Amino acid sequence: MSEQYEESKLYRLRHSAAHVMAQAVLEKFPEGKVAIGPPIEDGFYYDFDLPRPLTPEDLEEIEARMREIIKHDSAFVKEEVSAEEARHIFADQPYKLELIDGLEEGGVDEHGNPVDEKPVISIYKSDAFVDLCRGPHLESTGKIHPKAIKLMNVAGAYWRGDEHNPMLQRIYGTAWLSPDDLKQYLWRLEEAKKRDHRKLGRELDLFSISDDVGSGLVLWHPNGAKVRYLAERFWEDEHLRNGYDFVYTPHIGKSDLWEISGHLGFYAENMYAPIEIEDQQYYLKPMNCPFHIEIYKSGIRSYRDLPMRLAEKGTVYRYERSGVMHGLMRVRGFTQDDAHHFCAPSQMPDEIDFVLSFSLNMLRSFGFNDIKAYLSTRPEKAVGAPEQWRDAEAALEAALKRADLPYHVDEGGGAFYGPKIDLKVKDAIGREWQLSTIQFDFNLPERFDMTYIEEDGQAYRPYMIHRALLGSIERFFGVLIEHYGGAFPVWLAPIQAVIIPIADRHMDYAKKAAAELKAAGLRVEVDDRSDRMNAKIRDAEKKKIPYMLVVGDREMEQGQVDIRRRSGERLGAMNVSDFKDLAVKEVEEKVEG
RNA sequence: GCCGAUGUAGCUCAAUGGUAGAGCAAUCGCCUUGUAAGUGAUAGGUUAUGGGUUCGAUUCCCAUCAUCGGCUCCA
């Protein structure tokens, strides 16, 4: 959350709305306990410990009560108190007492995060409610527009976000400066819902997840598989043109492999239980790296072989706790567009430069032009020599600068085995998604004792860089669906054009035109059902087919097709070959829309 | 995994302590259509699964599974 937001009126408004809500809840449940209630993006929440689960009816009641409290137009009054006084005021509020302890000791804020200095304890009073609170707030409850607030839903949340703590009931609300803003926000939610990849996945017949197969295991239907195939084909071409070699590796590997890699030590809770065969334990792979390393190690490597870039769309399986699965975004089996770069230390900066610009090109090709980078550096506990870390971090940062990319540094946010760059893209409605990751690994080359022979005839340890550009292909597909709202650009659309004959007598002509377009590599179908043209257009619109080519008497006579885009735009009649050229050009240029 | 909600036809949803209904989709006709739904008929369900209460359960209760909204965790 930005500092700008924290100083805004909107922030104070939402914070104030949270207090008003807490008052309304406590009036309804006098024995209820309050936890914390901060503003968040688009709204606020407040956590409560209540005698019974809240219902949607309760929310309506609470919301109505909030409007009444707002009407009182009672001032928010700040008061600084001693810890002793605070304890007295909140004597029957155990969560507040815990917060006061934290405040008094200094050290932690209301979220349990460490803070440097000991803050002053303050309380805010408004109407019949007092809260331990740092503020700031609006001048009075009346400054909240009663028609610009709405309680959204109830959800469970652990006290202080720790799953060992009791679970509280969290009420999410939204609050805006004006009813219009609220309306606009609700409209935005509706729009996001229309783009939901789970809904579009069903409507466009792209994929499904079957109970009988298992939760988090994706079935790609022909339409979805078509998009994936096209995306992968592009991906493959780009990799081949850029010095990657493709490899294929198995889905399972012996426990010995995972012992060496260390995964059984630090990743076991994410791995499926082993399969036992001939007294050997085999594990489904959660990552591809050990296999690629084994390929590297299958022979003696010379500095002349480096950099080596091994790429694979490797399908991995990771155990995810039930309750975290989410459509394509969070699954148990997925395919990473994985690659491992092995290089000599002297080649490392160039290799980083290359992989970053390659990643950016890939993302941009899929229509993601708003890209932000996050550089994560050495954490407290880390393997690898400090100067390796320093060199690697310097190379990553230099590459970011050269790529002229906005980036944010997460000090100490790297994995224990190396620093990394994550790339996040903004989709068409402004949501950020993490896709690419470029990650150093100082751990595995050591564990697998990887070497290469230098000019001087000595063996040295290579650098290893792990990268995934689209990340998980399943997840990437989900993001792509939401980004385009199901209306894939022509180059990715499962069906690019549908020919719509007006009457049966136009059928032969329609098929002839289709054949000509298909011969040019276009994905074209003829809608030969005995429905009216209007119905066929409606159907094609629902399937989000980029082009509808209507043919009737006029077109048949002229050797033309009448072109309508899915946007409703009419391009008018044109010769079949002209449309072919237009469509082929759009495919080649990856034109959007 | 945790909290809460939900699970009825392919989809979206009704209804009921006495074995379920609509619209869309599907199938088969009729219509031969000019830029987002022409029309008729037919078919489609062991009401998620397994127990329990009851003369009788899809409805009430319990468990399991799954989904949804969150939390935690994360590609």
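The values are calculated or read from the model by the stated rules, or taken from the named source; none is laboratory data. As the structure is a computational prediction, the values presented were derived from the model and not from experiment. Backbone-built Cβ (ideal geometry, glycine too); neighbour counts: all protein chains shown. Calculation scope for accessible area: heavy atoms of the full protein, side chains included, ligands and nucleic acids excluded. Shrake-Rupley method; radii C 1.70, N 1.55, O 1.52, S 1.80 Å.
For a modelled paramagnetic label at residue A:167, 7 Å from Cα along Cα-to-Cβ, the residues of region A:45-70 in reach, with backbone nitrogen under 20 Å, are A:45-59.
The local environment of residue A:223, defined by Cβ-Cβ distances under 14 Å, has a net charge of +4 under the rule Lys, Arg +1 and Asp, Glu -1. With the gyration tensor restricted to C-alpha atoms of region A:3-186, the semi-axes of the equivalent ellipsoid amount to 24, 19, 16 Å, longest first.
Spin-label model, residue A:217 to residue A:67: label points 7 Å out along the Cα-to-beta-carbon direction sit 5.1 nm apart. Couplings 3J(HN,Hα) for region A:151-166, derived from phi with the Karplus relation 6.51 cos²θ - 1.76 cosθ + 1.60 (θ = phi - 60°), are 8, 9, 6, 10, 8, x, 8, 6, 4, 6, x, 10, 5, 8, 8, x Hz, where x marks Gly and Pro. Taken per residue, the accessible surface of chain A reaches 48 Å², heavy atoms only and a 1.4 Å probe.
Subtracting the Cα-Cα distance of residue A:518 and residue A:88 from 0.36 nm times their residue separation leaves 146.8 nm of extension gain. Count the net charge of all other residues whose Cβ sits under 15 Å from the Cβ of residue A:276, scoring Lys and Arg as +1 and Asp and Glu as -1. Every neighbour counted, the sum reads -2. Taking the accessible area of region A:249-407, probe 1.4 Å, and keeping the other protein chains in place, the carbon and sulfur fraction comes to 48%. Solvent-accessible area of region A:3-186 (1.4 angstrom probe, protein heavy atoms only): carbon and sulfur portion equals 49 percent.
Residues in region A:229-240 carry Karplus couplings, in order, of 4, 5, 5, 5, 5, 4, 4, 5, 4, 4, 5, 5 Hz; the curve used is 6.51 cos²θ - 1.76 cosθ + 1.60 with θ = phi - 60°, and Gly or Pro positions show x. Chain A: percent of C-alpha pairs farther apart than 32 Å? Considering chain A, 61 percent of its Cα-Cα pairs are separated by more than 32 Å. Each 10 Å bin from zero up to the one holding the largest Cα-Cα distance in region A:497-589 carries the following percent of pairs: 18, 56, 24, 1.
Amide H to amide H distances under 5 Å link residue A:158 with A:168, where only residues 5 or more positions off or on other chains count and H is placed in the peptide plane. Put simply, the amide H of residue A:36, placed in the peptide plane, has neighbours under 5 Å in A:47, leaving out anything fewer than 5 places away on its chain. Anisotropy class assigned to region A:319-447 is oblate, per the alpha carbon gyration tensor with a/c at or over the 1.5 cut-off and a/b no larger than b/c.
Using a probe of 1.4 Å, the accessible surface attributed to residue A:315 totals some 40 Å² when neighbouring protein chains are kept in position. For region A:381-390, backbone phi angles converted through the Karplus equation (6.51, -1.76, 1.60; θ = phi - 60°) give residue-by-residue couplings of 8, 8, 9, x, 6, x, 6, 5, 4, 4 Hz, Gly and Pro being listed as x. Protection proxy ranking for A:63-74, A:205-216, using the average of other Cβ atoms within 10 Å per residue and placing the highest first: A:63-74, A:205-216.
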